[in-house]
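Shown next, in structure tokens, is the structure this report addresses.
The values are calculated or read from the model by the stated rules, or taken from the named source; none is laboratory data. If you're wondering where the values come from, they're calculated on a predicted model, not measured in any experiment. As a convention, Cβ positions derive from the backbone with ideal geometry for all residues, glycine included, and neighbour counts pool all protein chains shown.
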């Protein structure tokens, strides 16, 4: 299937996103002087934006690419929770699986001056979900997983993703042969055994495999070890300016980066797993899905802030860099 046909099929696919919902707050301004009180810049605020982050941004990427997205997670009964759920609704993301509770909504605030991040501060609750909330999420998941074409688990290690949750997801998804991908976090890798795909970066892959990645030989050793240990169908290691490496049972494929200018890597991992999963659900092979996700990542890192890629941008990037898009 050509890349063009895959992109056209995006609109027919429904993706379920499960994980830690985050509200990204951006405070924009300019710096003209240093504070007389301490050696820090004084930021004159010009505007403030709220954007979808974490698992919410994964779902937002699915929507931007033309697919349909349903999200499952928790927010607090607070103003930030109101802002987050309103943003989800505005973007057309199905959020009946979002449970409001007594936890604080996770908020990451970034202060940016002259297109550079000055400081970031986080407000978050990382405790595991209590029994009632967890049970409510599982009941919803058992109901909706069979109605979707693929599942993405976006693990930011903020309390939603657990071994028990993943076991229930796989138990429900496998009879329907539904593709399950995970954007992982170190410390949780043992949870992911049996999923279809994981997408660690170099540091995560190194720590999880126990192999110090220094060169291509050690990279291949780490990827193959993760593939075998977790019994995944594939492992996609993102390598920043060096591109990606896709590990399947029969082959290893190195995919060079298409990025020209990197302004902000915020949310790039969200874009990678969203584009890969949507492309594979739309009929792309693992290799072609990785190529598509590589181009999507190249688009978003060229923008400041939590960004997304569109089908038109993807098609343009693929056409410029490939012979047969």
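Go over the candidates 40, 31, 6 one by one and state the one that is at pLDDT below 95, surrounded by 14 or more Cβ atoms within 10 Å (Cβ to Cβ) and over 25 Å from the mean Cα position of the chain (by Cα). Write out each step before concluding.
Working: 40 fails: surrounded by 14 or more Cβ atoms within 10 Å (Cβ to Cβ); 6 fails: over 25 Å from the mean Cα position of the chain (by Cα).
Sole residue among the options that is at pLDDT below 95, surrounded by 14 or more Cβ atoms within 10 Å (Cβ to Cβ) and over 25 Å from the mean Cα position of the chain (by Cα): 31.
Would you mind stating whether residue 27 is free of Cβ contacts under 8 Å to residues at least 60 places away in the same chain and within 23 Å of residue 125 (Cβ to Cβ)? Step through it out loud before you land on a result.
Numbers: free of Cβ contacts under 8 Å to residues at least 60 places away in the same chain: no; within 23 Å of residue 125 (Cβ to Cβ): yes.
Spelling it out, it is not the case that residue 27 is free of Cβ contacts under 8 Å to residues at least 60 places away in the same chain and within 23 Å of residue 125 (Cβ to Cβ).
Of all residues in the stretch 88-110, which are at pLDDT 95 or above, surrounded by fewer than 19 Cβ atoms within 10 Å (Cβ to Cβ) and over 12 Å from residue 72 (Cα atoms)?
Across the stretch 88-110, the qualifying residues are 89, 90, 91, 92, 109.
Show me the strands (runs of 3 or more DSSP E) found entirely inside the stretch 59-177 where at least 2 residues are touching a helix residue (DSSP H, G or I) at 6+ places or on another chain (Cβ under 9 Å) and more than 24 Å from residue 271 (Cβ to Cβ).
Values: elements: 68-76, 94-101, 106-113, 116-123, 150-154.
Passing ranges, in order: 94-101.
Looking for whichever is modelled with pLDDT of 95 or more, surrounded by fewer than 21 Cβ atoms within 10 Å (Cβ to Cβ) and under 22 Å from residue 193 (Cα atoms) here; the options are 155, 149. Which one fits? Show your work before the answer.
Values: 155 fails: surrounded by fewer than 21 Cβ atoms within 10 Å (Cβ to Cβ).
Just one listed residue meets the conditions, 149.
Out of (1) surrounded by 15 or more Cβ atoms within 10 Å (Cβ to Cβ); (2) under 20 Å from the mean Cα position of the chain (by Cα); (3) over 25 Å from residue 10 (Cβ atoms), what's the single condition that is false for residue 76?
Result: residue 76 passes all but (2).
For the stretch 112-149, what are the residues that are under 30 Å from residue 46 (Cβ atoms) and under 22 Å from the mean Cα position of the chain (by Cα)? Break it down stepwise before answering.
To start, the set of residues in the stretch 112-149 that are under 30 Å from residue 46 (Cβ atoms) comprises 112-124.
Matches in the stretch 112-149: 117, 120, 121, 122, 123, 124.
So which of 49, 24, 32 is within 29 Å of residue 149 (Cβ to Cβ) and in contact with a strand residue (DSSP E or B) (Cβ under 8 Å, 6 or more places away or on another chain)? Step through it out loud before you land on a result.
Numbers: 49 fails: within 29 Å of residue 149 (Cβ to Cβ); 32 fails: within 29 Å of residue 149 (Cβ to Cβ).
On inspection, the qualifying residue turns out to be 24.
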